[in-house]
Amino acid sequence: AYIENSPYGKSRGIQGFEDGLRFVRDRKQIEMAVWPRLRMDRAILQNPDYDWDAVFASMTAAMT
């Protein structure tokens, strides 16, 4: 619903799970294409266990 109701989603007629999934995949592809061009420290944090506290701790540690 978040993507469907966004201006981007509305303008592209995104509806349902499959369209939402396609949006996420397309966004990831664009982000990964831009990634090497960024001139700043950056990191990709994996979260296979959905442990958001651990991810937040990793982000905080990386920035200090």
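Annotations
- You can think of it this way: the chain between Phe56 and Gln29 has 7.3 nm of extra reach, that is 0.36 nm per residue less the Cα-Cα gap.
- Backbone geometry of segment 6-11 corresponds, through the Karplus equation with coefficients 6.51, -1.76 and 1.60 at θ = phi - 60°, to 3J(HN,Hα) couplings of 6, x, 4, x, 5, 5 Hz, x marking Gly and Pro.
- The residues Tyr2, Tyr8, sorted by heavy-atom accessible surface at 1.4 Å with ligands and nucleic acids left out, run Tyr2, Tyr8 from largest to smallest.
- The angle between the Cα long axis of helix 16-34 and the main principal axis of the chain comes to about 50°, on a 0 to 90 degree scale.
- Fluctuation leader among Ala43, Ala54, Ala33 - the chain, Gaussian network, Cα springs under 10 angstrom: Ala54
- Carbon/sulfur fraction of accessible area - the chain, other protein chains in place, 1.4 Å, %: 57 percent
- Accessible surface calculations at 1.4 Å, restricted to protein heavy atoms, place the chain at 94 Å² per residue.
- Directionally averaged shadow of the chain, computed from the convex hull of its alpha-carbon atoms, nm²: 6.0 nm²
The values are calculated or read from the model by the stated rules, or taken from the named source; none is laboratory data. Nothing here was measured: the structure is a model prediction, and the numbers come from that model. Side chains included, ligands, DNA and RNA excluded: accessible areas come from the protein's heavy atoms. Shrake-Rupley method; radii C 1.70, N 1.55, O 1.52, S 1.80 Å.
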